[in-house]
Amino acid sequence: MKLLSLTVLTLFSGLWVHAQKEQDSLYPVFKLVASKHYTHHVGKYEFDTLTSGEVGEFEVAYTNTGNAPLVLLNVKTSCGCMVASWPREPVLPGDTALIKVRLSTHGRFGMNHKSMTIVHNASTSPEIVVFAGYIRRGKE
């Protein structure tokens with residue numbers, strides 16, 4: 001009887017572990033793509049110098065390196081001078097998409113730091129990207 005109980009317990013344990021491994025492998029993975037302006041390990045997007053009154057336009061690329069669809073649930077900016085737009089459809093495994101950001105520099109000058117919080121369905125959510133750059137005085 002003990003042998004039968006032990007055998008059944010072992011069988012169900014093995015099935016549970018196998019099912020858990022299958023489930024764990026079905027997660028999306030959010031990864032920001034490094035570029036000329038974006039440094040991945042620092043989490044900072046450094047934009048070129050702008051003149052006050054201009055609208056800065058930036059693109060931040062991200063890739064789904066997991067093996068399940070990645071969905072951006074929300075992208076929130078730190079102030080009303082910055083607006084982000086992002087794809088609402090899922091990003092399939094291996095695909096790359098863009099978050100487009102517009103920054104109004106009206107009335108701003110000097111060194112500026114703004115942030116964007118990206119909420120998604122991967123386990124590393126939320127991600128924060130800091131935008132930094134110099135805005136010179138314009139003729140507003």
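The values are calculated or read from the model by the stated rules, or taken from the named source; none is laboratory data. Nothing here was measured: the structure is a model prediction, and the numbers come from that model. Glycine also receives a Cβ, built like all others from the backbone with ideal geometry; neighbour counts cover every protein chain displayed.
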Original post:
Name the residues in the stretch 21-44 that are over 23 Å from residue 83 (Cβ atoms), assigned to a loop (DSSP other than H, G, I, E, B) and either modelled with pLDDT of 65 or more or of a type in the set (Gly, Ala, Ser) (or both), would you?
Top reply: 25, 26, 27, 28, 29, 34
Original post:
Quick check: anything in the stretch 96-115 among the aliphatic types (A, V, I, L, M), touching a residue at least 12 places away in the same chain (Cβ under 8 Å) and more than 21 Å from residue 30 (Cα to Cα)?
Top reply: yes
Original post:
Can you find a residue in the stretch 45-64 that is over 20 Å from residue 27 (Cβ atoms), modelled with pLDDT of 95 or more and in contact with a Phe, Trp or Tyr (Cβ under 6 Å, 6 or more places away or on another chain)?
Top reply: no
Original post:
In the stretch 86-140, what residues are under 13 Å from residue 50 (Cβ atoms) and of a type in the set (Phe, Trp, Tyr)?
Top reply: 109, 131, 134
Original post:
In the stretch 66-104, which residue that is of a type in the set (S, T, N, Q) and exposed (fewer than 15 other Cβ atoms within 10 Å of the Cβ) is farthest from residue 117 (Cα to Cα)?
Top reply: 67
